Amino acid sequence: MASIHGETKIQDGILHAVVTDPAKGNTLSGSLMAEVVDVLSATGHEIRAVMITGAEGTFCSGGDVTAFASATNPGEFVGDLAAEFHTFIRALTQAPVPVIAAVEGWAAGAGMSIACVADVIVGGPSTAFLPAYPAIGLTPDGGMTWTLPRLIGFARARDLLLTNSPLRGEEAYRAGLITRFVDDTDIFSTATTIATQAAARSRQSSAGIKKLIWSAQFSTFDDQLDREAQSIAACAASIDGREGVRAFTERRRPNFTS
């Protein structure tokens, strides 16, 4: 499925979402967000991983600021965009499959927010993150004020957001904004390999892991132990769980089909 500023496709169990608007530095479009949300909500077990990439060496430069400037009612316009963006962000965080971001070049503003909610963030020496919002007098959206402190720490997140400082390459990796650091030429292929491997794993297991990790942000340790016990029991009783255990005892690769 193609749009003016992006395209999606499903291949080998992987939903590929590509931000393609090089003329504007790969700004994020409503059409791409809507396509991803629709596909994730309408498609069953066909999707087993999501991979988000940019085009021509840029991941995503954020929202279209020129559209902000031309809006008759900027508050209402940007508020509506934020609501649409947050539907997209929720779709990624609630997707029962791993989300992999291949961050080539700049991830600024909303692009940085997207990277921050990915389960795996692949980057290299030329990868760069920039909050961007303060430069135009705005505050972040897309969950950045929630995810960034958890990724890089409370003090550093405040520094980065309030000074609008970039975080680049290996420094971003050391800080926790990149989870897989590779050569620039290997970013896309590494992300594809990770997505392919994820697509071969149990969808129920991936869904359970994501749900447990996100719920842990609000749980006590005792509550989380109870959730883990319930989740592992449900997985053990499932088709995938039985297949995984059987394959282990038979010393073969599991064939997850759920």
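Remarks
- Residue-wise HN-Hα coupling along region 57-73, computed from phi with Karplus coefficients 6.51, -1.76, 1.60 (Hz; x: Gly, Pro): x, 10, 6, 5, 9, x, x, 7, 5, 4, 5, 4, 5, 8, 6, 5, 10
- Inter-part distance where region 149-200 and region 65-87 are each reduced to a Cα centre, Å: 27 Å
- Heavy-atom accessible surface of Phe154, to the nearest 10 Å², is about 140 Å², with a 1.4 Å probe and all protein chains retained.
- Neighbour-limited loop hits for chymotrypsin sites (Phe, Trp or Tyr not before Pro), region 186-258 (at most 12 other Cβ within 10 Å; DSSP other than H, G, I, E, B): Phe218
- When exposed loop sites are taken as GluC sites (Glu not before Pro) in a DSSP loop with at most 15 other Cβ atoms within 10 Å, the longest stretch of the chain clear of them is 57-249.
- Amide H contacts under 5 Å for Ala128: Gly105, Trp106, Ala107, Gly169, restricted to partners 5 or more places along the chain or on a different chain, H placed in the peptide plane at 1.01 Å from N.
- With θ taken as phi - 60° and the Karplus curve 6.51 cos²θ - 1.76 cosθ + 1.60 applied, the whole-hertz 3J(HN,Hα) list for region 240-246 is 5, x, 5, 5, x, 5, 4 Hz, x standing for glycine and proline.
- Computed from the C-beta positions of Glu250 and Glu84, the FRET efficiency with R₀ = 41 Å rounds to 0.25.
- The 3J(HN,Hα) values that the Karplus relation (6.51, -1.76, 1.60; θ = phi - 60°) gives for region 135-151 are, in residue order, 5, 10, x, 10, 9, x, 9, x, x, 4, 6, 9, 6, 4, x, 6, 8 Hz. Gly and Pro appear as x.
- Only DSSP H runs of four or more residues enter the estimate; each adds -39500 (n - 2.57), and after division by the residues of the chain the mean residue ellipticity at 222 nm equals -15500 deg cm²/dmol.
- Extended-chain gain in nm, criterion 0.36 nm per residue less alpha-carbon gap, Ala34 and Ile213: 61.9 nm
- Amide H contacts of Ala49 (H built 1.01 Å from N, under 5 Å, at least 5 apart or other chain): Leu15
- Distant-in-sequence amide contacts of Gly54, defined by a placed amide H-H separation under 5 Å and a gap of 5 or more residues or a different chain, comprise Val19, Glu104.
- Bridges between two residues of the chain, per DSSP, are antiparallel at a rate of about 35%.
- In this label model, Arg227 and Thr93 are separated by 1.2 nm, measuring between points 7 Å along each Cα→Cβ vector.
- Label point distance in nm, Arg158-Thr193, each placed 7 Å from Cα along Cα→Cβ: 4.0 nm
- Using a Förster distance of 51 Å, the FRET efficiency for Thr145-Arg242 (Cβ separation, nearest 0.05): 0.75
The values are calculated or read from the model by the stated rules, or taken from the named source; none is laboratory data. Predicted model, so just to flag it, every value in this text is computed and none were measured. All Cβ positions, even for glycine, are placed from backbone atoms using ideal geometry, and neighbour counts span all protein chains on display. Keep in mind that these areas ignore ligands, DNA and RNA; they rest on the heavy atoms of the full protein, side chains included. Shrake-Rupley method; radii C 1.70, N 1.55, O 1.52, S 1.80 Å.
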